[in-house]
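A.B. asks: To start, I am sharing the structure in question, which I have written as structure tokens.
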Amino acid sequence: MHGHSDHPEKSDPSAPLMGILNSVSVKYSGPALLLLPVLFVVLAFAVLTQWHGRRMAQNLAGQIVDQAAHRIEAVINHYLQHAVFVTDQVAEQIAAGELDPSALRDWRPALYRQLRIDGEVNSVTYGNPRGDATWMIRYPGEEGLEYAISDAKTNGKIVEHRVGPRGELAEELDAYDYDPRVRPWYVAAVESNRPTWSPPYAWVRGDGRQATLGIAFARPIVGADGELVGVLDSDISLKDVSRFLNDARVFDSGEAFLVDRDGQLIGTSSTSPVIDEDGSRVMATSSPSELIREVAEGITADLRPQRTQLSVDGEPFVVDVRPLRNPWDLPWTLAVVVPDSEIMAGVNSLQTQGWIVGGVVSWLTLCLGVFAAWSIVGPVTQLAAAVKTMGKGNLDDPVRVGGHLEFVQLSDELNQMCAALKDRMRLRNSLALAMEIQQKLLPQDEPSVNGLEIAGHSTYCDETGGDYYDFLELSPTSPDELVVAVGDVMGHGIAAALVMATARGILRSHAREDDSLGEWLTAVNDLLVEDTAGERFMTMVLLFIDAQKRRVRMASAGHDSPIIFDPRTESFLEMEDVSGVPLGLFEEQEFAEANQEDLPPGTIILVGTDGLWESHNEADEQYGKERLFSIIRTHADRPVKEISQAIRDDLYQFRGDAKQADDITLVMVKLVDRS
């Protein structure tokens with residue numbers, strides 16, 4: 001007699017499905033199981049794309065408008081910088097005595113060269129308190145240059161001449177009354193008593209015709225007694241501002257325009273005028289362009305950044321309004337208007353492509369599933385497990401996968417990859433350790449020396465490099481003295497780093513008070529020759545700086561001489577050339593010393609490696625020492641660390657996306673009043 005249960009067994013709800021799968025061949029169930037999720041993902045993607053399309057378009061519009069605004073800001077600021085640069089160049093020629101404010105007729109060749117070199121600036125003008133003036137001008141839309149002079153010989157008239165192709169005077173064009181002292185650029189410079197931008201003003205020809213509307217960067221020129229000698233300015237045309245706005249546009253349609261704090265147009269990216277036929281300026285709210293009018297009416301009085309949606313004639317636009325960021329605090333507002341249709345065109349195209357790709361993927365998945373069900377699932381699972389094990393850091397267990405020849409080859413490649421990864425990890429760890437050690441060999445902090453401001457910096461182009469700098473304080477009894485060492489090993493990388501570390505150790509072990517700088521270099525040279533057999537060499541310069549006596553001694557082994565800025569004359573001093581051969585080439589070399597005495601407070605000393613001034617940008621142009629001179633002269637009254645940072649920032653902007661090709665090191669010392 002068989003027993004039975006009073007409680008029936010519970011059924012598994014998935015049993016029917018599993019029964020069907022068990023009764024169907026994998027060559028059918030496999031493709032179906034692969035295809036169904038893909039179809040679901042494709043459909044879900046299409047629905048979500050439609051649902052989120054508008055939101056994505058708005059985000060994309062914001063990013064594109066930001067990109068357009070930043071690009072326009074960069075282009076306009078770069079354009080305005082031309083006027084500042086030209087004014088600085090001419091002012092430097094005046095300060096250097098190359099241009100005499102009392103002999104304006106002698107300025108013509110220099111002004112001609114300046115305008116030939118910089119094609120973005122329309123004119124360079126100079127006027128003095130007596131009413132004398134001279135200029136060289138390029139009128140927008142006209143060929144050639146014109147020169148004008150007003151002095152005692154012209155009886156108060158300004159006489160204009162056409163200028164020949166070599167800068168020579170050609171025929172006289174006109175003569176008329178002209179007083180520079182009442183011109184907006186002159187008044188702006190005198191009232192502000194510093195370099196400044198003038199408000200936009202009309203350029204009027206001698207016959208009363210208005211040539212264009214422009215702005216000027218004006219700089220007062222003062223004499224040694226602090227009295228005004230004259231005013232120098234560089235002018236740019238608002239027509240060119242509009243041209244630059246048009247060149248910087250992101251889309252084929254839409255608009256970008258600039259307005260001042262009074263709502264008057266400065267430039268537009270379209271053909272909309274900024275000047276009426278009677279010469280008066282155009283208000284943005286009165287522009288012939290309906291798009292500009294609609295946007296201008298919504299600009300708030302406090303010029304706060306704002307982003308809005310705007311509809312003109314039923315067409316939606318994205319509008320971004322923000323103050324134009326510029327180094328001179330010009331109260332200009334930039335408006336960028338982007339058509340919504342052009343933004344959505346990309347989104348709609350992406351949706352269509354998504355449907356096409358989804359259909360193709362679904363079909364390919366079906367075809368692939370037939371084959372995968374037979375021959376791929378097993379080996380792929382084994383490979384996935386092996387890769388997962390590698391991802392956890394286990395690179396020692398070999399991968400063994402059978403099946404098709406390709407899977408066998410793939411497993412062999414994975415095994416070789418594991419071996420290569422282990423070697424690469426060991427090498428990377430070694431390089432990281434070498435970089436850490438080398439960074440610790442460089443000074444971690446600048447020394448504190450009474451009467452000196454000190455800043456040092458190195459940037460390597462690889463993990464390790466061959467540049468070197470050091471500060472050697474001779475003894476506790478010499479708190480006012482400092483030795484600066486800067487070196488540059490041939491090449492870069494591990495080999496250069498080893499030579500650098502060797503030279504550092506030798507120099508520090510031989511740095512004694514009773515030895516000259518030349519004897520230190522001799523000691524380093526002899527031991528480097530012995531260690532490297534003359535196959536590796538480096539340049540080095542040693543500077544002994546006495547803060548109390550305000551003097552510098554130098555010895556050099558094939559290294560560039562230091563750059564010394566004299567604040568009294570705003571010029572750069574040249575020390576005697578005592579450079580010897582680089583270290584590590586020949587034994588028993590002697591190195592001479594040079595001296596520089598009576599350095600005033602504010603003197604700036606820069607010593608660096610050639611990776612600084614030989615850096616190239618994407619156009620393969622060298623940074624050059626002239627840029628260094630300009631940065632030092634401009635920031636000479638700042639602390640030395642700020643000057644060093646300004647140089648590095650300027651170098652970074654100059655290089656752009658170009659790769660750093662060499663190590664860069666600079667050490668700066670500034671003599672200051674002793675406490």
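A.B. asks: Can you give the local net charge around Ala661? Use residues other than it whose beta-carbon is closer than 10 angstrom to its beta-carbon, Lys and Arg +1, Asp and Glu -1.
C.D. replies: Once all neighbours under 10 Å are counted, the net charge is -1.
A.B. asks: Just check the stretch 491-624 against the gyration tensor rule for me: Cα atoms, a ≥ b ≥ c as the square roots of the eigenvalues, rounded for a/c under 1.5, and otherwise prolate or oblate depending on whether a/b exceeds b/c.
C.D. replies: Here the stretch 491-624 falls in the oblate category.
A.B. asks: Taking neighbour Cβ counts within 10 Å as the exposure measure, how do Val640, Val259 sort from fewest upward? The partial results should precede the final answer.
C.D. replies: Numbers: Val640 22, Val259 29.
In order of increasing Cβ crowding within 10 Å: Val640, Val259.
A.B. asks: Normalised by the residues of the stretch 445-671, what does the relative contact order come to in percent, with Cα pairs under 8 Å and at least six apart?
C.D. replies: 24
A.B. asks: Moving on to the next point. Where a ≥ b ≥ c are the square roots of the eigenvalues of the C-alpha gyration tensor, would you call the stretch 621-662 rounded, which needs a/c under 1.5, or, failing that, prolate if a/b is larger than b/c, or oblate?
C.D. replies: prolate
A.B. asks: Hey, any idea what the orientation-averaged projected area of the convex hull of the stretch 484-546's Cα atoms comes to, in nm²?
C.D. replies: 4.1
A.B. asks: Would you pull out the residues with amide H under 5 Å of Trp332's amide H, same chain only if 5 or more places away, H placed 1.01 Å from N?
C.D. replies: Distant-sequence amide H within range of Trp332: Leu324.
A.B. asks: Starting with the highest mean, order 493-506, 537-550 by the number of other Cβ atoms within 10 Å, averaged over the residues of each peptide.
C.D. replies: 537-550, 493-506
A.B. asks: May I pose another question? Excluding Gly534 itself, what net charge comes from residues whose Cβ is under 12 Å from its Cβ, given Lys and Arg +1 and Asp and Glu -1? Could you put the intermediate results ahead of the total?
C.D. replies: Numbers: positive: Arg536; negative: Asp526, Glu530, Asp531, Glu535, Glu587.
Within the 12 Å Cβ shell, the charges total -4.
A.B. asks: Turning to a different aspect of this structure: Using the number of other C-beta atoms within 10 angstrom as an exposure proxy, rank Trp107, Trp203, Trp332 with the fewest first. Present the calculation step by step, with values, prior to reporting the outcome.
C.D. replies: Working: Trp107 24, Trp203 18, Trp332 21.
Ranked by crowding around the Cβ, least crowded first: Trp203, Trp332, Trp107.
A.B. asks: Under a Cβ-Cβ cut-off of 12 Å, what is the net charge of the residues other than Asp106 that fall near it, where Lys and Arg count +1 and Asp and Glu count -1? Provide the component values of the computation, followed by the final result.
C.D. replies: On the way: positive: Arg105, Arg108; negative: Glu98, Asp100, Asp151.
With Lys, Arg at +1 and Asp, Glu at -1, the neighbours total -1.
A.B. asks: From the backbone phi of the stretch 661-668, what are the Karplus-calculated ³J(HN,Hα) couplings (6.51 cos²θ - 1.76 cosθ + 1.60, θ = phi - 60°) in whole Hz, Gly and Pro given as x?
C.D. replies: Per residue, the Karplus-derived 3J(HN,Hα) values read 9, 8, 5, 10, 9, 9, 10, 10 Hz.
A.B. asks: Could you order the peptides 441-449, 562-570, 316-324 from most to least packed, using the average number of other C-beta atoms within 10 Å per residue? Write down the numbers at each step before the final one.
C.D. replies: Details: 441-449: 13.6, 562-570: 17.4, 316-324: 20.1.
Result, highest mean Cβ count within 10 Å first: 316-324, 562-570, 441-449.
A.B. asks: Something else now. When the distances between all Cα atoms of the stretch 559-675 are binned every 5 Å from zero, what whole-number percent does each bin get?
C.D. replies: 2, 10, 19, 19, 17, 14, 10, 6, 2, 0
A.B. asks: Ok, one more. What ³J(HN,Hα) values, in whole Hz, does the Karplus curve 6.51 cos²θ - 1.76 cosθ + 1.60 give for the stretch 587-600 when θ = phi - 60°, with x put for Gly and Pro?
C.D. replies: 6, 6, 8, 10, 10, 7, 10, 10, 10, 9, 9, 6, 7, x
A.B. asks: Moving on to the next point. Calculate I(q)/I(0) for the stretch 445-671 by the Debye formula, one identical point scatterer on each C-alpha and no solvent, and give its log10 at q = 0.11, 0.13, 0.14 Å⁻¹ to two decimals.
C.D. replies: Each listed q maps to, in turn, -0.53, -0.74, -0.87.
A.B. asks: With only alpha-carbon atoms counted, please give the Rg and Dmax of the stretch 148-235, in Å.
C.D. replies: In Å, with Rg to one decimal and Dmax whole: 14.6, 40.
A.B. asks: Let me ask something else. As I understand it, the dipole of the stretch 60-195 uses +1 on the Cβ of Lys and Arg and -1 on the Cβ of Asp and Glu, about the Cα centre. Which of Gly156, Pro109, Asn193 lies farthest toward its positive end?
C.D. replies: The listed residue farthest towards the positive side: Asn193.
Where a number appears in this text, it was derived from the coordinates with a stated rule and is not lab data. For clarity, every value in this text was computed on a predicted model and none was experimentally measured. Every residue, glycine among them, receives a Cβ derived from its backbone with ideal geometry; neighbour counts consider all protein chains shown.
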